[in-house]
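Right, one structure below, let's go through it.
The values are calculated or read from the model by the stated rules, or taken from the named source; none is laboratory data. This one's a predicted model, so the numbers in the text were calculated from it and none came from an experiment. Note: ideal-geometry Cβ built from the backbone for every residue, glycine included; neighbour counts use all protein chains shown.
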Ligand code: AHR
């Protein structure tokens, strides 16, 4: 297949074609990206979960009970754990332990930052230790002198440096004390332990997961959902204000994915993460519709619009504005960059058909007008798409979500050409195998190779239209191997970092996002698209001319010969060809339990011949990037 690429005639790109959505699903926040090791650290309750003692166990016969004290730690953290000596008072050392998000990784090289709040009278010291949940072996401990008093909650902080690595992640954090020094019993709350975090941020992200995301070279970050933003009811959506400030002020969130959330991974943490990775933000604001179909009537919508304006002000307002000042108080005087705001999430899905009807009739227009008036430079995005038959009023963009069989991604290749309304691809992944299974059929257990190649074709179709496609976000991005509901995610994780697994899709997204166009270049060929799909461009920073291609289902699975010329690129120019190929089985996947990576990455040097032609073969089900100036 001959492809001739012109030297000009394309468009400057926005530079953020590849990224992901993060919401707390699959324990991808608490127990995932958010580095906290202690589960149920503050006995939080919400509309869907009563406070409880899950993950807490007694030591030394101590009696643990949940209390709602007249003097709680804070209004937000109203429940706490009372610890009393068992009958008889022996043994003297009592306490409790927590088994974490299904284990804790204990490394000698790490310094862990611990804290807990206590109320009660105790003269003595506490001991915080890492213990094996199997043998009881202690891997390291810290002495913490008590400074607690009966009438006031007191925070105790400590550093825990293990003396050795634990052989596996089935470990706990134990806190013990001498019951003889206690007058009565002690009340505990907000018992927290952090390993070192990504970029050393306080209350930050788990390093290995953050790095696996960073290595995807993401440039687009859609937060905070997804369904999480909507919440179950219109009094229980993900309220960004509850996620700000000291942890003592964060009440916890019932979530929508059947597990309680701490609010620890809050708006500020998301914003800082976005800044750390250099990602363009797409911030979702609550639109007055929740998952149970609760719709806010027109005369009650204004407070939500005001709230969205406050949220925007918090993110990018000047320090002398009310919410900009709050952001500064929380340590970030400099406004964050925010150019995209999405109103709600999938408003066509919940409360059908009234959900979209009311969105169209008044909810979206009211948000659009208010945001455009206050922030004319912000691109407002509606939560539906023209592809799903929804009208998107100007000057808004749409959002298209696509969880599809590979064939759908291929069939839709031309769908985005000549688009009138700009769109975000706010959620996408190949999730179901080909063979007639619709969205409701079973998902694959993991991203698989032919699905990943189909995603490459989808990404090419978006990038070919980057002047109208704001970018594409993989979703959902993370899955805890210990508790999840959505199998297909780009990275899998567990307490043990050795299980952090980059899926087949990860390799495709990493490759494409690692070669950014600053300008697209038009390409022509006598051969129509399929089985070879491609997009071409240039990076003016590196000076590279770039071809991104994928081969999906070639005739008789034969290799596809590619011959490509870039106008103005001379004979003898060298380019790096990165070729991704998969296993023989197109359903092959990267299994965390075996650690085997089925994606083969081959890098070769290709030289333009006397006619300036770069020639190479692409096998069936392969993905490639040719770049004359790789970084
Ligand atoms: O990504 C999983 C869910 O799929 C999102 O929360 C929702 O927006 C979509 O339906």
* Within the stretch 444-462, is there a residue that is surrounded by fewer than 20 Cβ atoms within 10 Å (Cβ to Cβ) and either touching a helix residue (DSSP H, G or I) at 6+ places or on another chain (Cβ under 7 Å) or on the phi > 0 side of the Ramachandran plot (or both)? -> yes
* For residue 314, are the conditions met, namely being buried (at least 22 other Cβ atoms within 10 Å of the Cβ), more than 14 Å from the chain's Cα centre (by Cα) and assigned to a helix (DSSP H, G or I)? -> yes
* **Odd one out for residue 453 among (1) within 16 Å of the ligand (Cβ to nearest atom); (2) outside any loop (DSSP other than H, G, I, E, B)** => (1)
* Asked: Only one of these conditions is not met by residue 393: (1) touching a strand residue (DSSP E or B) at 6+ places or on another chain (Cβ under 9 Å); (2) within 16 Å of the ligand (Cβ to nearest atom); (3) free of Cβ contacts under 8 Å to residues at least 40 places away in the same chain. Which number is it?
  -> (2)
* **Matching residues, the stretch 406-445, being in a loop (DSSP other than H, G, I, E, B), under 17 Å from residue 621 (Cβ atoms) and more than 16 Å from the ligand (Cβ to nearest atom)** => 433, 434, 435
* To do: Collect the residues in the stretch 219-259 that are under 17 Å from the mean Cα position of the chain (by Cα), more than 16 Å from the ligand (Cβ to nearest atom) and in contact (Cβ under 8 Å) with a residue 60 or more places away in the chain, keeping them in residue-number order.
  => 219, 240
* Asked: Could you list, in sequence order, the residues of the stretch 1-29 that are within 21 Å of residue 477 (Cβ to Cβ), buried (at least 21 other Cβ atoms within 10 Å of the Cβ) and more than 16 Å from the ligand (Cβ to nearest atom)?
  -> 16, 17, 18
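Which strands (runs of 3 or more DSSP E) does the stretch 546-631 wholly contain that include 1 or more residues that are closer than 30 Å to residue 497 by Cα and modelled with pLDDT under 95? Explain how you work it out, then say what you get.
Values: elements: 560-566, 574-581, 600-607, 614-618, 622-627.
Answer list for the stretch 546-631: none.
Find the strands (runs of 3 or more DSSP E) located wholly in the stretch 1-118 whose residues include 1 or more that are in contact with a helix residue (DSSP H, G or I) (Cβ under 7 Å, 6 or more places away or on another chain) and under 30 Å from residue 182 (Cα atoms), and list them.
Values: elements: 2-5, 18-21, 56-59, 63-68, 79-84, 93-98.
Because the criterion is at least 1 residues that are in contact with a helix residue (DSSP H, G or I) (Cβ under 7 Å, 6 or more places away or on another chain) and under 30 Å from residue 182 (Cα atoms), the strands (runs of 3 or more DSSP E) in the stretch 1-118 that meet it are 93-98.
Do you know which residues across the stretch 77-90 are farther than 13 Å from residue 188 by Cα and surrounded by 15 or more Cβ atoms within 10 Å (Cβ to Cβ)? Talk me through it step by step, then tell me what you get.
Step one: list which residues in the stretch 77-90 are farther than 13 Å from residue 188 by Cα, which gives 85-90.
Correct list: 85 only.
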* Output the residues belonging to the stretch 468-501 that are surrounded by fewer than 20 Cβ atoms within 10 Å (Cβ to Cβ) and more than 16 Å from the ligand (Cβ to nearest atom). => 468, 481, 482, 496, 497, 498, 499, 500
* Structure fact -> Of the listed residues (46, 74, 58), the one being farther than 30 Å from residue 512 by Cβ, surrounded by 15 or more Cβ atoms within 10 Å (Cβ to Cβ), more than 16 Å from the ligand (Cβ to nearest atom) and at pLDDT below 95 is 46
* Asked: Which members of the stretch 212-251 meet the condition of being touching a helix residue (DSSP H, G or I) at 6+ places or on another chain (Cβ under 7 Å) and over 30 Å from residue 631 (Cβ atoms)?
  -> 224, 237, 238, 240, 243, 244, 250, 251
* Asked: Using beta carbons and a limit of 8 Å, which pairs, at least six apart or on different chains, have the first residue in the stretch 482-494 and under 11 Å from residue 590 (Cα atoms) and the second one assigned to a strand (DSSP E or B) and within 12 Å of the ligand (Cβ to nearest atom)?
  -> 490/20; 490/429; 490/474; 490/478; 491/478; 491/479; 492/478; 492/479
* Criterion violated by residue 135 - all others in (1) in contact (Cβ under 8 Å) with a residue 40 or more places away in the chain; (2) out of contact with any strand residue (DSSP E or B) (no Cβ under 8 Å at 6 or more places or on another chain) satisfied -> (1)
* Taking residue 293, is it within 16 Å of the ligand (Cβ to nearest atom), more than 19 Å from the chain's Cα centre (by Cα) and surrounded by fewer than 19 Cβ atoms within 10 Å (Cβ to Cβ)? -> yes
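Does residue 465 count as more than 30 Å from residue 498 (Cβ to Cβ) and within 16 Å of the ligand (Cβ to nearest atom)? I'd like the intermediate steps shown before the answer.
Details: more than 30 Å from residue 498 (Cβ to Cβ): yes; within 16 Å of the ligand (Cβ to nearest atom): no.
Criteria not met by residue 465.
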* Could you count how many residues in the stretch 77-117 are under 19 Å from residue 144 (Cα atoms) and modelled with pLDDT under 95? -> 1
* Taking the stretch 354-389 as the search range and keeping residues that are within 15 Å of the ligand (Cβ to nearest atom) and part of a loop (DSSP other than H, G, I, E, B), which one is surrounded by the most Cβ atoms within 10 Å (Cβ to Cβ)? -> 383
